[in-house]
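Everything on this sheet refers to the single structure shown next.
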Amino acid sequence: MDRAVDWTGLIRAAAARLAEAGVESPRVDAELIAAHTSGRTRTALLIADAPDGETAGRFEDLVSRRAKREPLQHLTGAAAFRNVELAVGPGVFVPRPETELVAGWAVEHAPRGGRVVEACSGSGAIAAALADERPDLSVWAVEIDADAFEWTERNLAGTGVSAVRADATDAATLAELDGTVDLVVSNPPYVPMDIEVAPEVHWDPTRAVFAEDNGLSVIEGLIERSRAWLRPGGLLGFEHDQTHDADVRALLEVGGFAGAATEDDYAGRPRFTTAGKQLPHDQTPRLSYGRRNASGGLCRVRGRMRTGRRHL
Ligand SMILES: C[S@@+](CC[C@H](N)C(=O)[O-])C[C@H]1O[C@@H](n2cnc3c(N)ncnc32)[C@H](O)[C@@H]1O
């Protein structure tokens, strides 16, 4: 390592290397790794002295790991989400910018002083944002996986959110809240098994990303559980695969929800859907798409298998 090379030169070389490795935002990533390594802001680096050999070596190590497509957030140990910063690392899903949209929907639509459940909480990103932006709410965060739950608890400590390690689709989970919740929000696993994903996604836990039944298994269970949690008129909003908008609207309709509407992500892909639990005078689900089985559960939708790389 040439000690005379300043940060500008190191960042330029690192950005070229990351671009070569197929990283989507090579310059920004190189700058953020440099900022993390040096303890300076990206702007301050422009006029900073050349780093010493040890610092430059640490920078090169992290750039090498990023070139192998390890997520930037695993290298820095942190992920920004709306106005909060979350600790992340192996064992937990790295929150994505797109999920800020469904979190924003929850921030805007939860009634004052209301009860909110975040299902499939992972790092606790959505619940932490709700606690930050809507301190008037009572929030529960449900996560099934033991490793992920360590991060849920860590990030939600001191926020007032109640973190619960449980299966969000199980009828016993938070059963004491049944009929009283105002809003349920979730970014569940939804990628169909064996679908191609970006190399970074392989660092996320499999259970956080992929789901059976063409990606709909957890969503189906979540719709059923949410219908029990919510008061009539209460709201459910969740992220889903870009090919599932019609499927999830149909599942919501047959699952006792009304007014299902899908919103696009930043790239214009249909990525989250919201609906309201039907009011008592309109309890009969319309059977236009799926149907109920003998025990009242939803029959599974088996949509076409859609191929192509997924964006999370
Ligand atoms: C896509 S990640 C989302 C994490 C976080 N909400 C976010 O947006 O960054 C899905 C999370 O749901 C958890 N999960 C999967 N199935 C679940 C279930 N049945 N009940 C509760 N959590 C579940 C996974 O362990 C994972 O942490």
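The values are calculated or read from the model by the stated rules, or taken from the named source; none is laboratory data. Since this is a predicted model, take the numbers as computed values, not measurements. Neighbour counts run over all protein chains shown; Cβ positions are idealised from the backbone, glycine included.
Okay, residues lined up against (1) of a type in the set (Ser, Thr, Tyr); (2) at pLDDT below 95; (3) within 25 Å of the chain's Cα centre (by Cα):
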| position | (1), (2), (3) |
| --- | --- |
| 248 | no, no, yes |
| 254 | no, no, no |
| 263 | no, no, yes |
| 275 | no, no, yes |
| 286 | no, yes, no |
| 294 | no, yes, no |
| 297 | no, yes, no |
| 300 | no, yes, yes |
| 303 | no, yes, yes |
If I ask for residues that are charged (D, E, K, R) and modelled with pLDDT under 95, which ones from segment 19-45 would you list? 24, 40, 42
Residue count, segment 108-142, condition surrounded by fewer than 20 Cβ atoms within 10 Å (Cβ to Cβ) and part of a helix (DSSP H, G or I), comes to 4
Right, residue 216: in the same structural domain as residue 128 (by TED's automatic domain parsing) and more than 14 Å from the ligand (Cβ to nearest atom) or not? no
Being touching a residue at least 60 places away in the same chain (Cβ under 8 Å), part of a strand (DSSP E or B) and more than 8 Å from the ligand (Cβ to nearest atom) is the filter here; which residues of segment 143-193 pass it? 181, 182, 183, 184, 185, 191, 192
In segment 25-65, how many residues are outside any loop (DSSP other than H, G, I, E, B) and within 13 Å of residue 76 (Cα to Cα)? 16
Residues satisfying the stated conditions in segment 220-246, i.e. within 16 Å of the ligand (Cβ to nearest atom) and in contact (Cβ under 8 Å) with a residue 60 or more places away in the chain: 220, 222, 223, 224, 225, 226, 229, 237, 238, 239, 241, 242
Quick one: which of 106, 129 is at pLDDT 95 or above and in contact with a Leu (Cβ under 9 Å, 6 or more places away or on another chain)? 106
For segment 79-101, name all the residues that are more than 8 Å from the ligand (Cβ to nearest atom) and not in a strand (DSSP E or B). 82, 83, 88, 89, 90, 91, 97, 98, 100, 101
For segment 148-168, check the following and say yes or no: at least one residue is in contact with a strand residue (DSSP E or B) (Cβ under 9 Å, 6 or more places away or on another chain) and within 25 Å of residue 260 (Cα to Cα). yes
